[in-house]
Each structure stands twice: as structure tokens, then as C-alpha cells.
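J.: Please read through the structure below; I'll follow up with questions.
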Amino acid sequence: MQIDDTDRRLLRHLQAEPQMATADLADRAGITAATCWRRLEKLRRAGVLLGTRAVIDWRALGYGVVVSLRFTLDKTDPRAFDEFMTAARDVPEVYEIQTFLGRVDVRLNVLARDMPHYQEIYRHRILTLPHIADIEALMHVADIKLDQGLPL
């Protein structure tokens, strides 16, 4: 889908303030509210605008440990990938699952309240996942840049 400067303005403002009312968004983009609504609907139908979401500060809710686990799977079983994914989805503390091409097959991002909680998750939920050949853990220390917006 091709987008024009007006669409870019809308998306830029939505990235900055996703909860902005359509009338305010239209005003900032220099278009009428009806035009704004139509353009947003067009962007949604085209799959450009997938929705808005809440960004939660997990630390404020008591989750102080974030670990990224990189897995290489034992692919001697043709069902290894699917069985691993099915089991990983059932771990409540796993908030993100990504797949890769290369040495690492899967990355799971895990939230825990503290290190004892993480150790419990790791021992009883992660190590029991099927078809693991290798695991590498990366402990999150700090966010240096956390900008999910596109340069529109």
C-alpha cells in the first residue's frame, strides 16, 4: 500500500500519542475528523495500522528481572519445533517468542519478580520444554534506546 504525507502525519501523531481522540488527531494532521476516520480505516484494512496497545512498566508491577533465553533445538525429531512452541506458549512468564534462521532457533523473553522466582521458572518450566539442545541466557540490565516508532 502506498501512503501519502497525510497518512504519514497521522501515523507519526499516533505513534507519539496512541490514545489521542480522532478529532484531536485530525486537528493536528490538518484534516477533518471524517477524513481522519476514513484514512485510519483505510490504514487498518490495508494492515498498516494493526491497532493500539498499552505499554506496561513491568517493574511497577513487581517484575524486576527480564531474561532473554536463546534456544537451539534438537531437530532430529521433525515435530521438535512445533512441540517446543506449543509448550513454550503455555509458560505464563514468557511474554515474547521469536524464531530465527541461523545458530539460534528460538528466543523466549521471560519476566520474573526476582532471581529466586526466575530460578523457579527456569528449573520447573523452561528446562522441561521439549527438544532443547542448547540454551543461552542473557540478563536484561538496562534499556538504552526503546523506540518502537518508525521514522515517518
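J.: What FRET efficiency comes out for Arg79 versus Gln15 if R0 is 41 angstrom and r is the Cβ-Cβ distance? Round to the nearest 0.05.
T.: 0.55
J.: Further question: Place a point 7 Å from the Cα of Arg28 along the Cα-to-Cβ direction; which residues of region 1-16 have their backbone N under 12 Å from it?
T.: 9-16
J.: Could you give the angle, 0 to 90 degrees to the nearest 10, between helix 80-89's Cα long axis and the longest principal axis of the Cα atoms of the chain?
T.: The two axes meet at around 70 degrees.
J.: Under 15 Å from the Cβ of Asp77, count the other residues' Cβ atoms, weight Lys and Arg +1, Asp and Glu -1, and hand me the total.
T.: Charge balance in the 15 Å sphere: -2.
J.: Right, here's the next one. Less than 11 Å Cβ to Cβ from Pro130, Lys/Arg counted +1 and Asp/Glu -1: what total charge do the surrounding residues give?
T.: Its environment carries a net charge of -3.
J.: While we're looking at this one, here's another question. By the scheme Lys and Arg +1, Asp and Glu -1, what is the net charge of all other residues having a beta-carbon under 12 Å from that of Asp4?
T.: Local net charge: +2.
J.: Return one number: the angle in degrees, 0 to 90 and rounded to the nearest 10, between the long axis of the Cα atoms of helix 33-45 and the longest principal axis of the Cα atoms of the chain.
T.: 30 degrees
J.: What do you get for the angle between helix 5-16 and the principal long axis of the chain? Use alpha-carbon atoms, 0 to 90 degrees, nearest ten.
T.: That works out to roughly 50 degrees.
Coordinate-derived values only; no laboratory data. Keep in mind it's a predicted model, so treat the numbers as computed, not measured. Counting neighbours? That spans all protein chains shown, and the Cβs are built from the backbone with ideal geometry, glycine included.
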